[in-house]
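Undergrad: Dropping the structure in here first, questions after.
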Amino acid sequence: MTHDHDDELQPEHTEGFKVGEKKTIDEYQKLDQNDESLRKWKESLGLGAGKDISDPSDPRKCIILSLGLEVEGRPDIIIDLKQPGAVDALKSKPFTIKEGAVFRMKAQFKVQHQILSGMKYVQVVKRLGVSNKMQEMIGSYSPNTEEKPLYEKKFEPETAPSGMITRGHYNATSKFVDDDNQTHLKFEWSFDIKKDW
């Protein structure tokens with residue numbers, strides 16, 4: 001039996017926050033050059049810094065290239081999402097995480113064609129009928145350039161649960177979504193909490 005996780009995976013909205021008017025890259029470039037705060041904001045997004053490398057034959061605004069799991073003292077686990085079938089394999093090939101271990105997830109991605117505004121990572125983990133939702137703000141980014149061909153975001157560190165009753169298999173559904181509520185990647189995956197690696 002399948003369940004639609006879209007309701008659970010809706011990002012949390014900040015009260016009173018409104019998404020700004022969409023502008024093209026050229027429109028952003030021509031905004032008031034005498035406004036110092038606006039100039040700094042544009043610089044922080046990397047606007048005007050280098051040649052845009054967007055692929056005109058690929059309409060996607062954001063491409064998630066890889067997902068990773070970092071644990072100090074252990075080699076990183078990297079899932080290359082450019083490989084065919086990599087997203088589908090996430091569900092059937094669980095990660096193993098040692099109980100109580102401190103870990104962090106990371107994502108590498110590419111932005112093209114227009115500014116990516118307010119991207120978030122939303123995750124719902126389920127075990128034995130209990131769900132736990134988390135959201136990580138990734139931010140706003142301009143299209144990648146030759147000087148900056150990709151972005152990497154390291155998430156806040158997490159501590160795996162510990163104790164005998166927390167050991168076992170967990171299923172998760174995750175998505176990368178922006179302020180326009182456009183989903184850039186949605187996938188199911190799983191992990192096992194074990195006493196040891």
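Undergrad: When region 179-197 is examined, which residues are found to be surrounded by 16 or more Cβ atoms within 10 Å (Cβ to Cβ) and more than 21 Å from Lys82 (Cβ to Cβ)?
TA: Selection gives Asp179, Ser190, Phe191, Ile193.
Undergrad: Among the strands (runs of 3 or more DSSP E) confined wholly to region 100-197, which include 2 or more residues that are closer than 18 Å to Asp58 by Cβ?
TA: On the way: elements: 102-111, 116-127, 130-141, 151-154, 168-177, 183-194.
Ranges flagged: 102-111, 116-127, 183-194.
Undergrad: So, one more: Of all residues in region 77-99, count the ones that are surrounded by 14 or more Cβ atoms within 10 Å (Cβ to Cβ) and assigned to a loop (DSSP other than H, G, I, E, B).
TA: So the answer is 3.
Undergrad: Looking at region 148-197, which of its residues are under 20 Å from Val122 (Cα atoms) and hydrophobic (A, V, I, L, M, F, W, C)?
TA: Phe155, Ala160, Ala172, Phe176, Val177, Leu185, Phe187, Trp189, Phe191
Undergrad: Next up: Consider Val124 carefully, then state whether it is over 20 Å from Asp80 (Cα atoms) and touching a His at 6+ places or on another chain (Cβ under 7 Å).
TA: Yes; evaluated as a whole, the condition is true for this residue.
Undergrad: Scan region 138-167 for residues that are hydrophobic (A, V, I, L, M, F, W, C) and exposed (fewer than 14 other Cβ atoms within 10 Å of the Cβ) and report the count.
TA: First, the residues of region 138-167 that are hydrophobic (A, V, I, L, M, F, W, C): 138, 150, 155, 160, 164-165.
The next check asks that each one be exposed (fewer than 14 other Cβ atoms within 10 Å of the Cβ); those that pass are 150, 164-165.
Adding up the residues that qualify gives 3.
Undergrad: Checking Ile64 against (1) within 22 Å of Gly139 (Cα to Cα); (2) surrounded by fewer than 16 Cβ atoms within 10 Å (Cβ to Cβ), only one condition comes out false. Which one?
TA: Answer for Ile64: the failing condition is (2).
Values in this text are rule-based calculations from the coordinates and carry no lab data. As the structure is a computational prediction, the values presented were derived from the model and not from experiment. Here the Cβ is made from the backbone with ideal geometry for all residues, glycine too, and neighbour counts use every protein chain on show.
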